[in-house]
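These notes concern the structure reproduced below.
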Number of protein chains: 2
Amino acid sequence: MEMINAIEALGALAQETRLETFRTLVRAHSPNAEEAGLAAGGLAAQLGVAAPTLSFHLKELTRAGLVSARRDGRSIIYTANLGGMRALADYLLEDCCQGACAPSLEETET
Amino acid sequence: MEMINAIEALGALAQETRLETFRTLVRAHSPNAEEAGLAAGGLAAQLGVAAPTLSFHLKELTRAGLVSARRDGRSIIYTANLGGMRALADYLLEDCCQGACAPSLEETET
DNA sequence: ATAACATTTCTATAATTATCTAAATATGGA
DNA sequence: TCCATATTTAGATAATTATAGAAATGTTAT
């Protein structure tokens, strides 16, 4: 991952509505792609934001590679892109921190 | 880590000058605290930004818990707070992704 | 005490972002 | 075809952020 992509992903997540959106989509995640994700309208209702506002944020998350969209009838279903999040975490730990970040407690307790 | 802290850290890193600042400080990191870090002036010169601009960004990074400062004579030495970065990465992987992110290739290659 | 240095705070400004209402686009069904 | 539904795009506005020059603060040496 390049720095410019990392900045886009970081910026996408650095906003309450968008971070909540991503977390909500993670909860709605499923290994089989068919049933994973949530429709834009359902998301907006669940998060309590106006449809155009959520649309703006979803575009931001999409641009950053953190969510994907597919059409299903009249709805557009958004899904969390877990690989994008993993790539960001890897960038922070490996490239940015150069592997020098001490591992978290959970990982050393075995 | 709480969501609000994660948002601050994400926002702090989602800006080119600040991300470069953090990366530069990681390179200047040392296990013994005495010799770790860089002075604000040296950083500003290295990054090619005006002193007040860097000061603004350093405050932002400090507020987010990603850098620490100590005075040494007339200089103020900034150091990367690797624990803060680790806490952010953990938040993204554990809390936000709920551990569902596939591990990166490097980690599965053993 | 004064001067030189290092950094921050103040002030102003330009640029970006988040939000809403209204209008446009796309889909599915009667 | 016409209508209702789902979502996005356009346009306007308020709020936030990044930046730099000028002034203020704190430190060291003479």
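Couple of notes before you dig in:
- Directionally averaged projected area (convex hull, Cα atoms, the stretch B:1-45), nm²: 4.0 nm²
- With pairing defined as another cysteine C-beta under 4.7 Å, the cysteines of chain A that fail it are A:96.
- Buried area at the B:A interface is about 3000 square angstrom, summed over both chains, from accessible surfaces computed with a 1.4 angstrom probe.
- Placing unit charges on the Cβ atoms only, positive for Lys and Arg and negative for Asp and Glu, gives the stretch A:3-99 a dipole magnitude near 340 debye about its Cα centre.
- Peptide B:1-7 - average C-beta neighbours from other chains (10 Å radius): 2
- Carbon + sulfur, % of accessible area of the protein assembly as shown - ligands and nucleic acids excluded, 1.4 Å: 50 percent
- Given chain B, longest segment not containing exposed loop GluC sites (Glu not before Pro) (DSSP; at most 11 other Cβ within 10 Å): B:3-108
- Residue by residue along A:72-84, Cβ atoms of other protein chains within 10 Å of the local Cβ number 1 on average.
- Choice from A:67, A:49, A:26 with maximal GNM fluctuation in chain A (Cα, 10 Å cutoff): A:49
- The same position residue B:31 in the other copies lies at 4.1 nm from this copy, comparing label points 7 Å beyond Cα toward the beta-carbon, shortest first.
- Residue among B:27, B:86, B:74 with the largest mean-square fluctuation in a Gaussian network model of chain B, springs linking Cα atoms under 10 Å: B:74
- Taking every protein chain into account, the accessible area of the protein assembly as shown amounts to 52 square angstrom per residue (probe 1.4 Å).
- Global form of the stretch B:41-84, assessed from the alpha-carbon gyration tensor, a/c cut-off 1.5: oblate
The values are calculated or read from the model by the stated rules, or taken from the named source; none is laboratory data. Not measured: the values here are computed from a predicted model. With ideal geometry, Cβ positions are generated from the backbone for all residues, glycine too; neighbour counts draw on all protein chains shown. With ligands, DNA and RNA removed, areas are computed over all heavy atoms of the protein, side chains included. Shrake-Rupley method; radii C 1.70, N 1.55, O 1.52, S 1.80 Å.
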